[in-house]
Amino acid sequence: MLKQTTLKKINNWITEGFEKRNEEDSKACCDYFIKAWEALHENAPESYQDFTLLIEKYNQGAEDYDWGGWIWEVGEELGVAGKAHPECMEHRIEFIESFKARFPETSDEELMEYLQRTLIKTNFLIGKDEAGEQAVKDFYEKIDYSVWGYIEWADALIKREEKPVKAVYENALAIYKKGLGLDDDPEFLDTLKARIKKAEKMV
């Protein structure tokens, strides 16, 4: 089980991370968040494979930040820090992969979708296309109706180029269009169609 002393350390590091974020020190924020994650990863009982159940058991203190929401914050802040500190993008991938490996049965579907989407985006942003394509495959094996796998993929191909050439937009457009036949929320399909319309103006 997680000892009270370990829990206190984890929650204190999370708090310090948020304090650094409020000071707009994204790198220091991420450093504290990663320390908290590593301690949680190493000390959580092996019997817990669903992160949601771990939260129910060990994260119910009124003064503690909700770990479920915090995992989203880790992913987002590593992306922010990565703009000035490229190594943080690698840390983002490592964090997501370690979470998925440690808590593979997590029942929070929105969280798991967010993590997989972010894995797609981050791999393509830093030029790891093979890993990105594998992340897309993994995404659609579990969430076969969602347009967001293709949106994240194509968006990243455009965003990673300072001045995208026509061929980049053509490639992105072909990827966006893969999502047109999916049975997703109409609002998300509208988002996809808006991406397509914008890309078509660039080819």
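A few remarks follow.
- Leading residue by the ranking (farthest from L2 (Cα to Cα)) among those in the range 66-76 that are of a type in the set (A, V, I, L, M, F, W, C) and open to solvent by less than 40 Å² (accessible area, probe 1.4 Å): V74
- So Y145, is it hydroxyl-bearing (S, T, Y), part of a loop (DSSP other than H, G, I, E, B) and either open to solvent by 60 Å² or more (accessible area, probe 1.4 Å) or at pLDDT 95 or above (or both): yes
- Here the range 154-167 is the region considered, the condition is being in a helix (DSSP H, G or I) and open to solvent by 40 Å² or more (accessible area, probe 1.4 Å), and the residue that is nearest to F124 (Cα to Cα) is K159.
- Just one of (1) farther than 28 Å from G132 by Cα; (2) modelled with pLDDT of 95 or more fails for E94. It is (1).
- Scan of the range 1-22 for residues that are within 21 Å of the chain's Cα centre (by Cα) and more than 18 Å from D66 (Cβ to Cβ), ordered by number: K20
- Any chance E170 is crowded, with 21+ Cβ neighbours inside 10 Å and either part of a helix (DSSP H, G or I) or among the aliphatic types (A, V, I, L, M) (or both): no
- Across the range 1-33, the number of residues qualifying as among the β-branched types (V, I, T) and surrounded by fewer than 19 Cβ atoms within 10 Å (Cβ to Cβ) comes to 3.
- Residue check for T106: part of a loop (DSSP other than H, G, I, E, B) and among the β-branched types (V, I, T): yes
- Selection from the range 34-65 of residues that are of a type in the set (A, V, I, L, M), open to solvent by 70 Å² or more (accessible area, probe 1.4 Å) and at pLDDT 95 or above: L53
The values are calculated or read from the model by the stated rules, or taken from the named source; none is laboratory data. Quick caveat: nothing in here was measured; it's all calculated off a predicted structure. As a convention, Cβ positions derive from the backbone with ideal geometry for all residues, glycine included, and neighbour counts pool all protein chains shown. The area values use the complete protein model at the heavy-atom level, side chains included, leaving out ligands, DNA and RNA. Shrake-Rupley method; radii C 1.70, N 1.55, O 1.52, S 1.80 Å.
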